[in-house]
Amino acid sequence: MHRKLGLLFAAKGDWDQALEHLAHDIFYASNEYGTDDIRTSGAYFDMATVFRHQDRMDIADDLYDRTTSIWYDHLHRLVQSICKPPDIPAGIGEVVAEITQEEKEKLENEAQEAEAIKVLNTIQEIRFRQKDIIPELRIRNLVALCMLYFILESPIKCREIVIMLDKITPICRDKTLIADAEWMKKNVGNDKTV
């Protein structure tokens with residue numbers, strides 16, 4: 001309820017009321033799901049958007065980065081579960097293992113898919129308009145987008161993102177981020193995984 005009220009006040013341009021309701025949404029969602037859960041990330045994203053409209057980009061950037069990090073971690077776990085061969089205990093057939101694997105590979109529902117697409121693409125558009133943003137922020141968001149499209153089995157979108165990653169990964173200093181970007185670049189072209 002608080003998120004919807006926050007969005008309503010934001011649409012009216014009542015930024016203070018919007019921020020108050022979004023803060024309540026973050027509080028209640030954090031209590032129920034945790035601060036780093038994708039169900040909490042939507043409020044961080046909406047709050048960042050309000051701060052952006054107020055030209056308070058330092059706060060907005062922090063919240064956009066938090067949103068990206070939450071989705072990055074969640075998608076990273078999903079990609080790892082997709083690529084890890086299923087454990088097949090003795091006495092359980094291949095069909096059961098295949099069904100178990102299919103269940104692990106997806107986001108929970110279409111609404112979650114739509115939110116991930118909207119949020120990560122919006123942040124990417126904002127990041128590429130910013131001239132003085134550090135490359136790691138752009139790269140983290142691109143890798144998260146690539147993982148998302150990998151999970152959604154959209155190889156064309158993955159390859160488009162890999163082209164962008166090729167241009168900016170060489171200036172990245174975060175070794176974990178580079179390793180994830182390289183893994184995505186290597187596996188996007190692999191027809192067995194996408």
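The values are calculated or read from the model by the stated rules, or taken from the named source; none is laboratory data. Keep in mind that what you see is a predicted model, and the values were worked out from it rather than measured. Note that we place each Cβ from the backbone using ideal geometry, even for glycine, and neighbour counts take in every protein chain shown. Accessible surface is based on the protein model in full, side chains and every heavy atom, while ligands, DNA and RNA are left aside. Shrake-Rupley method; radii C 1.70, N 1.55, O 1.52, S 1.80 Å.
Out of 175, 106, 167, report the one residue that is modelled with pLDDT under 90, open to solvent by 50 Å² or more (accessible area, probe 1.4 Å) and within 24 Å of residue 42 (Cβ to Cβ).
Numbers: 175 fails: within 24 Å of residue 42 (Cβ to Cβ); 167 fails: within 24 Å of residue 42 (Cβ to Cβ).
Only one candidate qualifies: 106.
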- Message: Taking the condition of being more than 22 Å from residue 127 (Cβ to Cβ) and of a type in the set (A, V, I, L, M, F, W, C), how many residues in region 27-54 meet it?
- Response: 2
- Check residue 26 against each of (1) open to solvent by 30 Å² or more (accessible area, probe 1.4 Å); (2) of a type in the set (Val, Ile, Thr); (3) in a helix (DSSP H, G or I) and name the one condition it does not meet. (1)
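With the condition kept exactly as written, say whether any residue in region 64-79 is among the aromatic types (Phe, Trp, Tyr), open to solvent by less than 60 Å² (accessible area, probe 1.4 Å) and without any contact (Cβ under 8 Å) to a residue 60 or more places away in the chain.
Going residue by residue through region 64-79, those that are among the aromatic types (Phe, Trp, Tyr) are 64, 71-72.
Checking the rest, the ones that are also open to solvent by less than 60 Å² (accessible area, probe 1.4 Å) come to 64, 71-72.
Still in the list and also without any contact (Cβ under 8 Å) to a residue 60 or more places away in the chain: none.
No, region 64-79 contains no residue that is among the aromatic types (Phe, Trp, Tyr), open to solvent by less than 60 Å² (accessible area, probe 1.4 Å) and without any contact (Cβ under 8 Å) to a residue 60 or more places away in the chain.
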- Those residues of region 9-44 which are closer than 21 Å to residue 77 by Cα, under 15 Å from the mean Cα position of the chain (by Cα) and of a type outside the set (Ser, Thr, Tyr) amount to 36, 37, 38, 39, 42
- Check 50, 79, 119 and return the single one that is modelled with pLDDT of 90 or more, closer than 18 Å to residue 152 by Cα and touching a Phe, Trp or Tyr at 6+ places or on another chain (Cβ under 8 Å). 119
